[in-house]
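Structure record follows, encoded as structure tokens.
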């Protein structure tokens with residue numbers, strides 16, 4: 001035993017020290033992450049208050065702090081959503097687009113990105129960028145946001161004059177789960193009713209040269225009337241002359 005310990009004791013002690021160090025380091029890292037989340041939460045609550053008050057300068061300063069120092073937290077992504085809302089209220093729609101676009105390309109979780117995509121599409125519609133909205137929302141039929149996306153797709157297609165596509169998108173939105181609706185079904189139904197009639201895309205190139213006319217011929221008879229104009233109907237002289 002002494003011989004084994006003499007040969008392997010150093011490795012055993014080193015393993016124990018390494019294990020303890022890893023455990024302590026993990027606990028310290030967890031504590032730091034928790035502290036960071038708490039700080040980020042506090043900063044976000046302050047940001048939310050400034051956004052509600054409409055203070056753009058203060059909001060931008062706090063949001064920048066969240067972006068730079070708490071980028072790995074959910075609160076940085078929430079800050080971008082909040083700032084997009086404030087930018088729209090201030091009439092700075094392009095800043096809202098930039099904020100939401102950064103959210104979609106960043107490290108936010110998938111749920112927040114779906115929310116960001118929905119709000120960005122609404123901004124695109126506000127900017128009359130209907131094709132951009134179509135491209136942004138297409139391909140998400142199997143997600144929990146499908147009905148909301150389809151309603152906006154219908155709006156975009158209708159604005160583009162693509163009535164068939166708009167109707168199909170609205171009809172898909174109407175398939176939303178009635179037990180837990182995510183869209184206003186009555187509003188979507190009104191949008192369907194308000195769609196103009198679909199005009200055929202193809203008009204026949206060949207038009208018949210002769211079109212049968214079944215309309216009765218009302219053309220006056222040009223046959224000369226030998227009846228004297230001054231002979232009243234039913235008096236002598238109005239009878240036809242025998243030309244035998």
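The values are calculated or read from the model by the stated rules, or taken from the named source; none is laboratory data. Bear in mind that the values here come from a model prediction, so they are computed numbers and not experimental data. Don't worry about glycine lacking a Cβ; one is built from the backbone with ideal geometry, like all the others, and counts go over all protein chains shown.
Listed values, structure above:
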{"item": "Matching residues in segment 184-194 - criterion: being in contact with a helix residue (DSSP H, G or I) (Cβ under 7 Å, 6 or more places away or on another chain) and either closer than 16 Å to residue 118 by Cβ or at pLDDT below 95 (or both)", "result": "188"}
{"item": "Checking residue 75 against (1) over 17 Å from residue 45 (Cα atoms); (2) surrounded by 19 or more Cβ atoms within 10 Å (Cβ to Cβ), the condition it does not meet", "result": "(1)"}
{"item": "Candidates 138, 144, filtered to the one that is under 19 Å from residue 181 (Cα atoms) and either over 14 Å from the mean Cα position of the chain (by Cα) or surrounded by fewer than 15 Cβ atoms within 10 Å (Cβ to Cβ) (or both)", "result": "144"}
{"item": "Which listed residue is at pLDDT below 95 and over 28 Å from the mean Cα position of the chain (by Cα), from 40, 71", "result": "40"}
{"item": "Selection within segment 45-65 - under 29 Å from the mean Cα position of the chain (by Cα), assigned to a helix (DSSP H, G or I) and either exposed (fewer than 13 other Cβ atoms within 10 Å of the Cβ) or at pLDDT below 95 (or both)", "result": "45, 52, 53, 64"}
{"item": "Those helices (runs of 4 or more DSSP H) lying entirely in segment 76-183 with at least 1 residues out of contact with any strand residue (DSSP E or B) (no Cβ under 7 Å at 6 or more places or on another chain), closer than 30 Å to residue 197 by Cα and modelled with pLDDT of 95 or more", "result": "110-126, 130-137, 146-159, 163-173"}
